[in-house]
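All remarks here apply to the structure that follows.
The values are calculated or read from the model by the stated rules, or taken from the named source; none is laboratory data. All of these numbers come straight from a predicted model, not from anything done at the bench. Every residue, glycine as well, gets a Cβ built from its backbone with ideal geometry; the counts of neighbours run over all protein chains shown.
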Amino acid sequence: MAKPSFTGNLGDTDIRLLRVFATVVECGGFTPAEAELDIARSTISTHIANLETRLGLRLCERGRGGFALTEQGRLVYQEAQRLMGAVEAFEARVSGAGKRLAGDLHVAVIDGILTLPGIPIAEILARFRDAAPDVHVTLSVMSSEEMERRVLDGTLHAAFIGQHRKRSGLTYRPIAREVQYIYCGKGHPLFTKPEAEIEERDLTAHPYVGLNLLDTAHAAERPYRTRPAASASNLEAILILLQTGRYLGRLPEQYAYTWEACGILRPLRKDLTRYEQGFALITRDTKRPSPVLAAFLDAAR
C-alpha cells in the first residue's frame, strides 16, 4: 500500500469530503449517492477527486466496470467511520453540557424485531424523540455480528441483537426472549407426515437452511441440527427457502404464525425442536455514555 502524502491538519473541509466519501461507499456508487447527498454526480466526483488529492491516495475505481473500493479506500472508509463516530460523540457531549441534547443517534435492530412483542422499539424511539427532539436518529437493520462490530468501532451507539455469546468491550442488557421451532414448507416430504410418525432421525435426514452466524455457532448443540445445506442472511430469506419445500429451518414462533395459519409452513416436533432465543440491547462498555446515549438508554428502560 502506498504511503499517504497527507501531512496537514484535518479541517472542516476534509471532514465534509470524508462524509461524502462514506456516503458513496454506503450507497454503492456515485449515481446512487446523488439522491442521498442531494448533489449532482459530477459534484460528487469532484469531491472524491479532491479528497484523493488531499490524501494522496487512490480511493476507488469508477467507470464502466462499476464502483469498487481500492485497498486504500477500504482503510480510509473504516477510519472515516471511526472519525465520524468520534465527532458525533464530541457534539453530543458538548450539547449535553448546555442541557440541550443535539447531534446524532445511530441505532440498529435485528431482522424481524417488529414481530417480537417483548421489544417495543417504536415506543422506545417515541419516548426518546420526546426527550431529545433535536437529535437526528438513524435506524438500520443489520445482522447481530455486524451490530456488535459497529458498536465496538463507534459507528453505532446502540443495537438490539439476538444474543448468542458475549464479546469483550460490550455491555449487554437482556430485554426479551422468544420461542423458536423447526419448520418445513408446503411440498416438503415431512409437511403431510403425521406428527406421531416424525422421528428424530427424520429431522436430521433433510437439508437445513441456517441463519448465517447463529446457526453456525449453535450447530452442534442440538441433536436434530445438521450441517446447513443453505444459508440465509435474515428471516425473510429463510422463509423464502422454506417455501421451496426443499429445506428445514428454524423460525420464531410469532414470525411464522401467519404463514402457518395460511397452510404454507408447518412446525415439526415442538417437543424436540423448541429453542429459546435471548435478545439484548448492547452498547460499548463505558462508565460515562454520552448524554444522547444516556437519554436513549433511559427511554429503553
**Request:** May I ask you to verify whether His136 is crowded, with 19+ Cβ neighbours inside 10 Å and in a strand (DSSP E or B)?
**Result:** no
**Request:** Select, from Leu114, Leu105, the only residue that is closer than 30 Å to Gly278 by Cα and either acidic (Asp, Glu) or loosely packed, with under 15 Cβ neighbours inside 10 Å (or both).
**Result:** Leu114
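State yes or no: is Ala176 surrounded by fewer than 19 Cβ atoms within 10 Å (Cβ to Cβ) and in a strand (DSSP E or B)?
Working: surrounded by fewer than 19 Cβ atoms within 10 Å (Cβ to Cβ): yes; in a strand (DSSP E or B): yes.
Against the criterion (surrounded by fewer than 19 Cβ atoms within 10 Å (Cβ to Cβ) and in a strand (DSSP E or B)), Ala176 qualifies.
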**Prompt:** How do the pairs read when you match residues in the range 58-69 that are without any contact (Cβ under 8 Å) to a residue 40 or more places away in the chain with residues anywhere that are aromatic (Phe, Trp, Tyr), using Cβ under 7 Å and keeping only pairs 6 or more apart or on different chains?
**Reply:** Leu59/Phe21; Cys60/Phe67; Arg62/Phe30
**Request:** Answer yes or no as to whether Val109 is under 19 Å from Gly154 (Cα atoms) and out of contact with any Asp or Glu (no Cβ under 9 Å at 6 or more places or on another chain).
**Result:** yes
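Looking at the range 223-236, is at least one residue assigned by TED's automatic domain parsing to the domain that holds Met147, modelled with pLDDT of 90 or more and closer than 25 Å to Ser144 by Cα?
yes
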**Message:** Condition (residue is surrounded by 14 or more Cβ atoms within 10 Å (Cβ to Cβ), small (Gly, Ala, Ser) and part of a helix (DSSP H, G or I)) applied to the range 147-154: is it met by at least one residue?
**Reply:** no
**Positions within the range 107-121 being assigned to a loop (DSSP other than H, G, I, E, B) and touching a Pro at 6+ places or on another chain (Cβ under 9 Å), in sequence order** = Gly112, Leu116
